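Student: This is the structure, below, for whatever I ask next.
The values are calculated or read from the model by the stated rules, or taken from the named source; none is laboratory data. None of these values were measured; they are calculated from a predicted model. All Cβ positions, even for glycine, are placed from backbone atoms using ideal geometry, and neighbour counts span all protein chains on display.
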Amino acid sequence: MRDTWKEFIYKKNPSLKNTPISTPVATNGITHGISIAGYMFANENDSIILSNLYWENYSLIFENGYGAKIEVFELFNDGGFNINSFKKR
């Protein structure tokens, strides 16, 4: 299924051409996907950078579940992406 999904991604996005991508991971939903990412990549005392607009369950997953620390940046400035806040964080 995952290999077929990967082929579909290339078919639906021809601009990718021969760009190497990983095989997609199927999850039950976004929270499960975030949890899988945390399990694979977040270690105790790592910093996870998120915008100030995020679901509270991310704190439960990253901080309570994996011991990482969430650091936030201001997502918007004057109606657009706040690149300065992102760079600063």
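Student: Which of the residues belonging to the stretch 39-57 are in contact with a helix residue (DSSP H, G or I) (Cβ under 6 Å, 6 or more places away or on another chain) and either modelled with pLDDT of 95 or more or among the aliphatic types (A, V, I, L, M) (or both)?
Tutor: Within the stretch 39-57, Ala42, Ile48 meet the criteria.
Student: Another question, if that's okay. Out of all the residues in the stretch 1-44, which are basic (Lys, Arg) and in contact with a Phe, Trp or Tyr (Cβ under 6 Å, 6 or more places away or on another chain)?
Tutor: none
Student: Can you name every residue in the stretch 32-89 that is touching a residue at least 40 places away in the same chain (Cβ under 8 Å) and either among the basic types (Lys, Arg) or surrounded by 15 or more Cβ atoms within 10 Å (Cβ to Cβ) (or both)?
Tutor: Within the stretch 32-89, just Arg89 meets the criteria.
Student: Please list, ordered by residue number, the helices (runs of 4 or more DSSP H) wholly in the chain having 2 or more residues that are among the small types (Gly, Ala, Ser) and within 15 Å of the chain's Cα centre (by Cα).
Tutor: Counting at least 2 such residues, we get 30-41.
Student: Say whether the condition of being within 21 Å of Arg89 (Cα to Cα), exposed (fewer than 12 other Cβ atoms within 10 Å of the Cβ) and either of a type outside the set (Phe, Trp, Tyr) or modelled with pLDDT of 95 or more (or both) is met by at least one residue in the stretch 3-17.
Tutor: Checked the stretch 3-17: no residue is within 21 Å of Arg89 (Cα to Cα), exposed (fewer than 12 other Cβ atoms within 10 Å of the Cβ) and either of a type outside the set (Phe, Trp, Tyr) or modelled with pLDDT of 95 or more (or both).
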